[in-house]
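Asks: Sending over a structure as structure tokens; questions will come in a sec.
Please treat every number below as a calculation from the coordinates, not as lab data. Model, not experiment: these values are computed from the prediction. Glycine gets a Cβ as well: all are built from the backbone with ideal geometry, and neighbour counts include every protein chain shown.
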Amino acid sequence: MNKKLYVVSIFLLITVSGWSLQANKIYGVVYHDKNKNGERDTNEPGIAGVAVSDQIQVVKTDVQGKYEINNSKGFGFVMISQPAGFYTTDWWQKIKPENTSLDFALVSTANPTSFSFIHASDTHISEKSLDRIQKLRDIVNASQPDFMLVTGDLVKDALRVSEKEASGYYELYKKEIGKFTVPVWSVPGNHEIFGIERHLSLVSKTNPLYGKKMYHHHIGPNYYSFNYGGIHFVGLDDVDFEDLWYYGHVDSVQLTWLKEDLAAVPNTMPVITFNHIPFFSGSLSMEPYTETGPGRTLEREQGVIQYRHVVSNAQEIINLILKQHPYPMALSDTITPDRCFGTKRMPTKYALNKLLLL
């Protein structure tokens with residue numbers, strides 16, 4: 001079956017480790033919430049085949065919609081990969097020691113074969129930039145896409161500021177995104193990593209929100225997937241860090257999850273990834289790579305040279321996806337010219353229709 005996808009990409013431009021919670025068993029049910037009351041009633045069936053994960057293991061619900069994750073060693077969340085034809089705003093939940101039974105109520109929605117979404121990036125939200133997020137809302141309201149992706153650098157800065165200032169930006173982002181009338185799927189960028197430039201932030205490594213933990217606290221899972229219109233969307237966190245500095249890299253824990261996540265969807269299903277740092281960049285190759293200066297493009301981490309603003313292990317990710325699935329599109333915060341992509345099973349169209357220089 002041929003599916004058509006129309007994408008409007010909008011880029012907002014400005015100049016410019018996780019923790020583990022272990023549980024012996026997490027279990028619950030994913031069900032069709034027919035009356036949308038958030039509680040399972042007697043006539044509401046479970047939904048089979050839904051992928052459920054603790055960000056490491058991925059399991060699928062049985063014919064009754066039940067799932068079970070044993071010996072969970074994830075980052076304190078259990079999440080579903082939202083199945084096509086269903087929707088919920090509560091696609092992830094925090095695991096609490098006193099409650100490891102977690103259910104997911106889904107409501108039915110359209111499963112279109114043709115749809116649109118907006119891709120935005122680098123919102124860098126602060127009180128001074130609220131006019132920019134309002135312009136984005138105006139575009140969304142005028143375009144009426146099915147949903148929006150935001151690929152990182154959501155807040156002005158968490159790298160080099162105090163906990164109070166960084167948390168204020170996060171709370172402002174959540175408040176402003178809550179005003180959108182369509183679902184918004186966000187992934188982190190380098191500006192969401194809290195406090196690691198300690199010579200500027202004066203934040204200790206022992207701070208409970210240090211590094212990626214602030215994103216977990218305010219936003220939720222930093223990588224995940226969902227399904228819409230016959231396409232599997234994968235949001236990746238491709239900004240790693242070592243000591244004071246970040247670099248482009250998808251860590252081994254996330255790669256393990258990605259393998260299991262992809263195995264849970266049919267091989268014929270196309271995959272679209274969205275993340276902050278681009279896998280590759282032609283513009284970077286036009287200048288010499290350097291390890292020094294504020295605009296450096298290389299970072300030496302534990303003696304290994306890593307790319308700072310492209311993903312060092314991008315080819316590994318691409319090979320992993322292409323081995324199993326059609327892979328028509330990888331979205332990030334870079335600007336690309338108008339292009340047309342096509343696969344044997346799914347012709348797609350990618351157009352840079354609007355560019356905001358704000």
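Asks: Report the relative contact order of the range 92-225, percent, no decimals, based on alpha-carbon pairs under 8 angstrom and at least 6 residues apart. Walk me through the numbers before you get to the answer.
Replies: Working: 197 pairs, mean separation 30.8, N = 134.
Reported as a whole number, the value is 23 percent.
Asks: Just rank H199, H218, H32, H232, fewest to most, by other beta-carbon atoms within 10 angstrom.
Replies: Fewest-to-most ranking of H199, H218, H32, H232: H199, H32, H218, H232.
Asks: I've got another one for you. Compute from the Cα atoms of the range 113-209 the Rg and the Dmax, the latter being the longest Cα-Cα distance, and quote both in angstrom.
Replies: Cα radius of gyration and Dmax of the range 113-209 are 14.9, 51 Å respectively.
Asks: Taking all pairs of distinct Cα atoms, average 1/r, flip it, and tell me the Kirkwood hydrodynamic radius of the range 160-275 in Å to one decimal place.
Replies: This gives a value of 15.7 Å.
Asks: Cβ under 10 Å from I56's Cβ, I56 left aside: what net charge do those residues give with Lys, Arg +1 and Asp, Glu -1? Intermediate results must be reported in sequence, preceding the final value.
Replies: On the way: positive: K73; negative: D54, E260.
That sum, taken over residues with Cβ under 10 Å, equals -1.
Asks: Using only C-alpha atoms and all pairs of different ones, pull out the Kirkwood radius for the range 93-136 in Å with one decimal.
Replies: 15.4
Asks: Let me ask something else about it. Excluding V311 itself, what net charge comes from residues whose Cβ is under 10 Å from its Cβ, given Lys and Arg +1 and Asp and Glu -1? Kindly include the intermediate steps, with their values, before the conclusion.
Replies: On the way: positive: none; negative: D238, D240, E316.
The answer is -3.
Asks: Related question: So what is the orientation-averaged projected area of the range 209-255, using the convex hull of its C-alpha atoms, in nm²? Could you put the intermediate results ahead of the total?
Replies: Working: hull surface 16.3 nm².
Projected area, direction-averaged: 4.1 nm².
Asks: What number results when the radius of gyration of the range 59-145, computed over Cα atoms, is divided by 2.2 N^0.38 Å?
Replies: Numbers: Rg = 18.1 Å, N = 87, 2.2 N^0.38 = 12.0 Å.
Rg over 2.2 N^0.38 Å, computed on Cα atoms: 1.51.
Asks: Also: Amide H to amide H, which residues 5 or more places from H119 or on other chains are under 5 Å from it, using H placed in the peptide plane?
Replies: Here V8, S9, I10, L149 satisfy the definition.
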